[in-house]
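One structure, as C-alpha cells, below. Some questions next.
Nothing in this text is a laboratory measurement; each read-out follows from the coordinates by a stated rule. For clarity, every value in this text was computed on a predicted model and none was experimentally measured. Note that each Cβ is placed from the backbone with ideal geometry, even for glycine, and that neighbours are counted across all protein chains shown.
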Amino acid sequence: MSMSIAVKKHRKKASFIRKTPGEKVFDTFNSIVLGLMALSMLYPFWYLFALSLADAEKVALSHVYIWPKVLTLESYETVLASKYIWLGFMNTLIRTCGGTLISLVLCYSLSYVLSKRYYPNRSFWTGITVFTMFFSGGLIPEYLLIRDLGMINSLWSLMLPTAINAYHIVIMRNFLMSLPESLEESAHLDGANDIIILYRIILPLSMPIIATIGLWTAVAHWNAWFDGMIYIQTPEKQVLQVTLRRVVLEGASSLVPLSGEEVSSKASLTTETIKAATVMVATLPILFVYPFIQKYFVKGIMIGSLKG
Amino acid sequence: MLLVSVTVLIIFKYVPIYGLQIAFKKFKILEGIWGSPWVGLANFKKVFSMPGFTQAFMNTIILGGLNLLFGFPLQILLALLLNELTNLRFKKTVQTFSYLPHFISWVTLSGLFIQFLSPSTGPVAALYRAMGLTPYYFMGEVSTFRGVLVVTNIWKSIGWGSIIYLAALSTVNQEMYEAAIIDGATRFQRVHYITIPSIAPTITIMLILTSGSILNDNFDQVYNMMNAAVYSVANNISVLTYELGLKNMKYSLSTAIGLFKNVIAFGLVILANTISKRVNDYGIW
C-alpha cells in the first residue's frame, strides 16, 4: 500500500510538469462528475432522513428536500414503540450472529480439508461443493425440505440452509493453499499434531480471510428477507427486513401504526414520515458501522479475485 | 466438524436437487416427493403454453440485457475516472460513498425509492414542478418501470463492481506511464494505449462471466419494487416461480419453471467458462 502511494505521488509530480489547459479542464470536470456521483449515492438516504424528521403538521412534505423547517422525533417514537420492530431487531441479531458463526465454522473446516493436497478424493469433494454454486434445487424443493424437517417458523430455517456457501469455501481454500506448506512440515518435525497445528498456526494466520468472509456473511444475514417471508409465519418471530417490508411496502398498520389518527393526538405524523422513520431505523445501524468495516470488504474482494 | 459440514452440504444443497424430480411428477402432498406418480414432460408442456410464461421469459432476458448493456461499461468508466483522480483523499471519499448502496437490502432501497420518486412528495417530483413539468409516476407506469429498475440497479452496483477494475488498474506498471510521458504522450493517449489494454483481460473475463448470469433476474429488486400496474413488465421467471409455487401451491409447475431456468443458466455458465478459457487461458474451474 505504501509503495503504491509513493508511486502515485511520483505520478502526480510527473503529470504536474506537463499539465496542459485541456488536462486542467478534464481534471476539474472529472472531479465534478465524480463528486456529483458520490452525492447521488448519499442524497436518497439523506432525503429519507430529513423526511423522517419532518413535522407534517407544520411542514408541507413536498417542500422537504434537504432539511425540514420544523423537526419532530415523534415518527421515531411511534416506530420504536412498536414491539414488532424490537422483536425484528432481536430475531435479525440472533440469525446474524448465529448464522455467521455456524457458516464460518462449517465453511472453514470444509475448506481446510479441501486445501490439503494429500487428502483422498480432494478434487471429487471440491467438485461436489463447487457444483452447488451453479446449480440448486430451487424454491419449491427447498421449501418442501424445510417443511419436512419441521423447521417452519424456526430461526434454524434461516441459519442452516445458507450455512455452506461454495463461493466462500473456494475463497478460503485458495487462501489456505497460499500459505507455505513448510510451516506445517516444520511444526510436524517439532512434534505437533494436526489439531495443534490447525489451532496454533493455521487458524491465527487465517484471521484476515475469516474476518472478511464473516462480514460478508453477516451483511447477507442482516439484509435477508425472502427466507423469513416464506419460512416464518408468526410476526413475533419475524426478522426486521420482513417487518420493514410489511410496514413500508404493504402498509401493514397492525405492526406499526401508520398515521396520526391511529396514534391518538399525534397529528404531526403521516404515513410518509412514519414509513421513512421505519426505513431509517433499519438502515442507520448499517450506516453507522459501514465506515469502520468498509475496508475489510474491499480487501476480501482483492483476495477473492486472485487466481486459485 | 468435517462430517457436520458435509452433512449440512448434502442435506441443504443435494436433497433439494433430488427433490427436483417433482418437476416430472404430479405432486400430491399426502404421497410426498417419492410417492407421487410420474407424468413425464406434462408439467413442462403446461408451463410453456401458459400465457404468463413467454412474458416472464422475455422480461427476464430484456432486463438482464439492459443491465449488462448499461451497467457493465459504466463500472469500467467509473474505475477509469477514479484512476485519473490525483487527490487521493477525494478519491477515497468518492469510493466509500459509491460502495454504500451495495450494503443496503433491496427491501430497504425499494421503500426508499418509492418515497424518493413519489409523484406527490418526492424531490424528483419537486424538480419536475420547478421546471414547469407535471410530476411523473415513474414506478407506476409500464413505460418507465424498466428504466427505474435499470437505473437503481446501476446505482446500487456501480461502485462495488468497479473494485475489480481498480484492483487491475493498481497492478499496471507505472514505468510505462513515465516512459509515455517522456515520449510526449498526452493523458488521453496514455489511457488509450496503456490503461485500457492493461485491464482488457479483466474486462473480457468479467464480460463473459456477467453474460453467463444474464438470466439472474434480480428477484429481490423486482419483487419489492413492483406493483400491480406494472405487472406486464415486472413479471419475470423468478416472480412467476414464486407466485405459482408458494402463492398458488402449484408445486410441480413451479419446480418445472425453476428447473428450466436453472438448466439454461447452468449451460450459459459452462459456455462462458469455456469461452473464457479459450480467450484468456483462464476459467473459474
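Report the label-to-label distance for A:Phe288 and A:Lys116 in nanometres (one decimal), using points 7 Å from each Cα along the Cα→Cβ vector.
4.4
Any of A:Lys299/B:Lys277; B:Lys45/B:Lys247; A:Lys237/B:Lys250; A:Lys275/B:Lys28; A:Lys24/B:Lys92; A:Lys83/B:Lys28 with alpha carbons more than 32 Å apart? Name them for me.
Values: A:Lys299/B:Lys277 26 Å; B:Lys45/B:Lys247 21 Å; A:Lys237/B:Lys250 27 Å; A:Lys275/B:Lys28 42 Å; A:Lys24/B:Lys92 21 Å; A:Lys83/B:Lys28 39 Å.
Flagged as over cut-off: A:Lys275/B:Lys28; A:Lys83/B:Lys28.
Here is a follow-up. I'd like the distance separating the alpha-carbon centroids of segment B:155-183 and segment A:185-213, in whole Å.
Cα centres, segment B:155-183 to segment A:185-213: 35 Å.
Mind telling me which of B:Met139, B:Met225, B:Met249 comes out most flexible in a GNM of chain B, alpha-carbon contacts under 10 Å?
Greatest mean-square fluctuation among the candidates belongs to B:Met249.
Compute the signed sum of charges (Lys and Arg +1, Asp and Glu -1) over the other residues within less than 14 Å, Cβ to Cβ, of A:Ile210. Could the numbers behind the result be given before it?
Details: positive: A:Arg173, A:Lys299; negative: none.
Its environment carries a net charge of +2.
Oh, and also: Computed FRET efficiency, Cβ-Cβ of B:Gln189 and A:Lys83, R0 60 Å: what is it to the nearest 0.05?
Details: r = 64 Å, r/R0 = 1.07.
Step by step, r from the Cβ atoms, then E = 0.40.
Can you compute the FRET efficiency between A:Glu185 and B:Val279 using 1/(1 + (r/R0)^6), with r the Cβ-Cβ distance and R0 = 30 Å? Round to the nearest 0.05.
Values: r = 39 Å, r/R0 = 1.30.
Calculated transfer efficiency: 0.15.
Would you calculate, for chain B, the mean residue ellipticity at 222 nm contributed by helices, counting each DSSP H stretch of 4 or more residues as -39,500 (n - 2.57) and dividing by all residues, to the nearest 500? Can you show the working numbers first?
Numbers: 17 runs with 189 residues, N = 285.
So the calculated ellipticity at 222 nm is -20000 deg cm²/dmol.
Could you give me the percent of Cα pairs per 10 Å distance bin for segment A:83-237, shortest bin first, beginning at zero and ending with the bin that holds the maximum distance?
10, 33, 30, 18, 8, 1
Angle between the Cα long axis of helix A:122-134 and the longest principal axis of chain A, 0 to 90 degrees, nearest 10?
Taking Cα atoms only, the helix is inclined about 20 degrees.
May I pose another question? Per residue, how big is the convex hull around the C-alpha atoms of the protein assembly as shown? Give it to me in cubic angstrom, could you? Display every interim value, and only then the final one.
On the way: hull volume 108.6 nm³, N = 593.
Value for the protein assembly as shown: 183 Å³ per residue.
Also, quick follow-up: For a quick check, take a GNM of chain A with Cα springs below 10 Å and name the residue from A:His63, A:His168, A:His221 with the largest mean-square fluctuation.
Residue with maximal mean-square fluctuation among A:His63, A:His168, A:His221: A:His63.
Helix A:139-148 versus the longest principal axis of chain A: what angle, 0 to 90°, nearest 10, using Cα atoms?
80
Roughly how crowded by other chains is peptide A:242-251, in terms of the mean Cβ count from those chains within 10 Å of each of its Cβ atoms?
Details: counts 1, 1, 5, 8, 1, 1, 8, 9, 0, 0.
So the per-residue partner count for this stretch is 3.
Taking θ as phi - 60°, what are the ³J(HN,Hα) couplings along segment A:87-103 by the Karplus curve (6.51, -1.76, 1.60), each to the nearest whole Hz, with x for Gly and Pro?
Per-residue couplings from phi come out as 4, x, 4, 5, 4, 5, 5, 4, 5, 5, 5, x, x, 5, 4, 4, 4 Hz.
Net charge within 10 Å of A:Asn91 by Cβ-Cβ distance, Lys/Arg positive one each and Asp/Glu negative one each, not counting A:Asn91 itself?
Working: positive: A:Arg95, A:Lys237; negative: A:Glu236.
For residues surrounding A:Asn91, the net value is +1.
Can you give the relative contact order of segment A:83-237 as a percent, counting alpha carbon pairs under 8 Å and 6+ residues apart?
Details: 117 pairs, mean separation 71.8, N = 155.
It comes to 46 percent, rounded to a whole number.
Shifting gears a bit: Given a cut-off of 22 Å, what percent of all Cα-Cα pairs of segment B:149-252 lie beyond it? Can you show the working numbers first?
Values: 2929 of 5356 pairs.
Of the Cα pairs, 55 percent sit more than 22 Å apart.
What angle do you read, to the nearest 10 degrees and between 0 and 90, between the alpha-carbon axis of helix B:88-99 and the longest principal axis of chain B?
10
While we're on this one: If neighbour count is taken as other Cβ atoms inside 10 Å, put A:Trp46, B:Trp38, A:Trp222, A:Trp125 in order from fewest to most.
Working: A:Trp46 13, B:Trp38 9, A:Trp222 22, A:Trp125 17.
Lowest to highest Cβ neighbour count: B:Trp38, A:Trp46, A:Trp125, A:Trp222.
What number, rounded to the nearest 500 deg cm²/dmol, is the helix-based mean residue ellipticity at 222 nm of chain A, given -39500 (n - 2.57) per DSSP H run of at least four residues and division by all its residues?
Numbers: 14 runs with 208 residues, N = 308.
Calculated at 222 nm, the ellipticity per residue is -22000 deg cm²/dmol.
Provide the packing ranking of A:275-284, A:81-90, B:182-191, i.e. peptides ordered by the mean count of other C-beta atoms within 10 Å per residue, highest first.
Values: A:275-284: 24.5, A:81-90: 17.4, B:182-191: 13.4.
Output ranking for A:275-284, A:81-90, B:182-191: A:275-284, A:81-90, B:182-191.
Let me ask another. Please find, in a Gaussian network model of chain B (springs between Cα atoms separated by less than 10 Å), the residue of B:Thr274, B:Thr241, B:Thr108 whose mean-square fluctuation is greatest.
Ranking B:Thr274, B:Thr241, B:Thr108 by mean-square fluctuation puts B:Thr108 first.
To make sure I understand, if each residue's beta carbon is the centre and we count other beta carbons within 10 Å, what order do A:Thr20, A:Thr132, B:Thr86 fall in, fewest to most?
Values: A:Thr20 10, A:Thr132 21, B:Thr86 17.
Fewest-to-most ranking of A:Thr20, A:Thr132, B:Thr86: A:Thr20, B:Thr86, A:Thr132.
Sticking with this structure for a sec: Could you line up A:Glu272, A:Glu181 from fewest to most neighbouring Cβ atoms inside 10 Å? Spell out each step's value before the answer.
On the way: A:Glu272 23, A:Glu181 10.
Taking fewest neighbouring Cβ atoms as first place, the list is A:Glu181, A:Glu272.
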